[in-house]
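Presented below is the structure to which this report refers.
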Amino acid sequence: MKENVTREEDRKGLSFIEQIVRKEVAEGRNGGRVQTRFPPEPNGYLHIGHAKAICLDFGIAEKYGGTCNLRYDDTNPTREDVEYVEAIQEDIRWLGFRWENIYYASDYFRQLFDFAVSLIRQGHAYVDEQTSEQIAEQKGTPTRAGTDSPYRNRPPEESLDLFLRMNGGEFEEGRMTLRAKIDMASPNMHFRDPIIYRIIKWPHHRTGDQWKVYPMYDFAHGQSDYFEGVTHSLCTLEFEVHRPLYDYFIELLKDGDFRPYQTEFNRLNLTYTLMSKRKLLQLVNEKLVSGWDDPRMPTLCGLRRRGYTPSSIRKFVDRIGYTKYDGIIDMALLEHSVREDLNATARRVAAVIHPVKLILTNYPEDRVEMMESVNNPEDPSAGTHEIAFSRELYIEREDFMEEAPKKYFRLTPGQEVRLRCAYIVKCTGCRKNADGEVEEVYAEYDPQTKSGMAESNRKVRGTVHWVSAAHALPAEVRLYDRLFLAENPSEEKDRELAELLNPDSLKVLTNCFVEADLAQAGLCDHFQFQRIGYFCLDPDSAGRRLVFNRTVSLKDTWSRKLNA
């Protein structure tokens, strides 16, 4: 009894897929092997939805001592590019996974073609000369059976001759297709003589002009799994209705006990986000974003550029889990995951993004002190670094009000605040320009209140961050927010993409200052700009031109805006 309880406790927390895998390994199915594959089509950049599949495919193989291969589904040369092939590998490595082998569906073009020839000879496939519109009409509906193609019963020899001539380039695209001969009355629409080959006269990025016919996904997918020795073919829920066809072709192909099995899980849908590669490509092509790696995009390269970490994405995927039900996940959960990760790891630095000058009128003009700043209070081992302090500083414009409400605890005439890791100062006034805008704020410092001194324990209600005007570095700061205003933009079928965009998804601030230590920052290094948010250095930085992207604010301000 105790053993059974232990096993039951051990199953807690496992996704339904992992429970299936564990059971099948224990039963010895396919020799107890675990082999998975991640099969992206190289027609775009990977997005956060792919990260969910990557974590599952590679994670299951890793946990159960198996292998996971990367296999490109390159069966449509008109949409594929070597650029995407390389980007996919970079994204997988960035997430922290390693494939056992790299394969391509095109590796199996000869085997797939030979299998198709075998199906024709056995009477399981035929060449159809109907148009795509005629085929769609002839297939019927879910409540009405289809009708036979007029070419369904043409002799195998005739279909084989035509198929070989299709591949020889004799016919134009759309002129003919090869269809599997299954059941035009099947309740499963995918069984109603599906197209398995079509003519495409476009050079392939690997095979050139060798082929003029290319297999459809439903024909190439399962067979590629079989050729590679995949045991667990893990797909998203939209492929559940395709599974009987997957099984059908494998049964015709296999010549032994081994066979792959398909299991489906829910895809990732995020609020305020589009997950369609076609729509993402449209955003790029219409220049509604700066590119695939625009930090507002849900692509992995966009998230990386924005400052998301691999560990935050993997933790997010762990949190949402895998189910058999599609739903939509609140973007706030992804943002929480990166906040949590960066809070524990990001270095704290000083930056002022809406600056106004603060002058300490009683501080010596030629004096510079080096103040000790803690790198990360969550990690004592992270140590400290020094930041220059001088008579003239920059502070955030919102940290001063000439006429302040009762509960305003920052700089206002007659009120004391602490300058972070430095002194307590008392505001004495300000100077305005002709337009009434504050240009300088004045204060006096108390030399007995330096952080670490006995007097420094004197309590004040507010703390303000700062940078030394003489030592700070100029910087451009890009404040990113959600790209779409609609909570579920994929449902806005009647509106143009441009109409759905959030006009405040990017604000560029060019008159910002950061502490001098950030001259040593590396690309995509992560920082917490104290009291502002989490940021990383953007690749647009060059020399002394520093550009920082906001990864996420310190708190969820979006929800507050919606509820205001």
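For an R0 of 60 angstrom, estimate the FRET efficiency from the Cβ-Cβ distance between R495 and I359 and round to the nearest 0.05.
0.70
Which part of segment 420-457 falls in the paramagnetic zone of R367, meaning amide N under 15 Å from the point 7 Å along Cα-to-beta-carbon?
422-426, 443-451, 453
To test your reading of the geometry: what angle, between 0 and 90 degrees and rounded to tens, separates the Cα axis of helix 48-63 from the longest principal axis of the chain?
70
Take the solvent-accessible surface of the protein heavy atoms, probe 1.4 Å, and return the percent of it on the chain that carbon and sulfur atoms account for.
47
Take the alpha carbon gyration tensor of segment 354-449, find the square roots of its eigenvalues, order them as a ≥ b ≥ c, and report rounded if a/c is under 1.5; if not, report prolate when a/b exceeds b/c, else oblate.
It is prolate, given that a/c is not under 1.5 and a/b is the larger ratio.
In vacuum, with every alpha carbon of segment 289-412 counted as one equal point scatterer, what does the Debye formula give for log10 I(q)/I(0) at q = 0.16, 0.17, 0.20 Å⁻¹? Two decimals, please.
Values, matching the q order: -1.03, -1.07, -1.16.
Relative to the longest principal axis of the chain, what angle (0 to 90°, nearest 10) does the C-alpha long axis of helix 331-345 take?
With both axes taken from Cα atoms, the answer is about 60 degrees.
Compute the length gained on full extension between K507 and E386: take 0.36 nm times their separation in residues and subtract their Cα-Cα distance, giving the result in nm to one decimal.
Separation in residues times 0.36 nm, less the Cα-Cα distance, equals 40.5 nm.
Residue by residue, what Karplus-based ³J(HN,Hα) values in Hz, rounded to whole numbers, does segment 243-252 have, using 6.51, -1.76 and 1.60 with θ = phi - 60° and x for Gly and Pro?
The phi angles translate into 4, x, 5, 3, 5, 4, 5, 5, 4, 6 Hz.
If you count the DSSP beta bridges with both ends in the chain, what percent of them are antiparallel, to the nearest 5?
About 65 percent, rounded to the nearest 5.
Using a 7 Å offset from the Cα along the Cα-to-Cβ direction at both D161 and E402, what is the distance between the two label points in nm, to one decimal?
Going by the 7 Å Cα→Cβ label model, 9.5 nm.
With +1 on each Lys and Arg Cβ and -1 on each Asp and Glu Cβ, and nothing else charged, work out how big the dipole of segment 365-466 is about its Cα centre, in Debye to the nearest 20.
In debye, rounded to 20, segment 365-466 gives about 540.
In square nanometres and to one decimal, what's the mean projected area of the convex hull around the Cα atoms of segment 434-564?
Projected over every direction and averaged, the Cα hull of segment 434-564 covers 13.3 nm².
Could you order peptides 317-324, 463-470, 380-387 by the average number of other Cβ atoms within 10 Å of their residues, highest first?
Descending packing order for the listed peptides: 463-470, 317-324, 380-387.
Taking the highest mean first, how do the peptides 245-254, 346-355 order by number of other beta carbon atoms within 10 angstrom per residue?
Top to bottom by mean Cβ count within 10 Å: 346-355, 245-254.
Using the alpha-carbon atoms, what tilt in degrees (0 to 90, nearest 10) does helix 16-27 show relative to the longest principal axis of the chain?
Once rounded, the angle reads 50 degrees.
What do you get for Rg/Rh of the chain when both radii come from the Cα atoms and Rh is the Kirkwood radius?
1.11
Assuming R0 = 56 Å, what is the FRET efficiency of D379 and M189, from their Cβ-Cβ distance, to the nearest 0.05?
My answer for the efficiency is 0.50.
Quick one: grab the alpha carbon gyration tensor of segment 372-524, order the square roots of its eigenvalues as a ≥ b ≥ c, and give me rounded if a/c is under 1.5, else prolate or oblate depending on whether a/b is larger than b/c.
Note, shape of segment 372-524 comes out prolate.
I'd like the antiparallel share, as a percent to the nearest 5, of DSSP beta bridges with both residues in segment 367-430.
The antiparallel proportion sits near 90 percent.
Could you tell me how far the Cα centroid of segment 37-104 sits from the Cα centroid of segment 123-161, in Å?
35
What whole-number value in Å² describes the accessible area per residue of the chain for a 1.4 Å probe?
Averaged over the residues of the chain, the accessible area is 46 Å².
The values are calculated or read from the model by the stated rules, or taken from the named source; none is laboratory data. Predicted, not measured: the structure shown is a model, and the values here were computed from it. Neighbour counts run over all protein chains shown; Cβ positions are idealised from the backbone, glycine included. Keep in mind that these areas ignore ligands, DNA and RNA; they rest on the heavy atoms of the full protein, side chains included. Shrake-Rupley method; radii C 1.70, N 1.55, O 1.52, S 1.80 Å.
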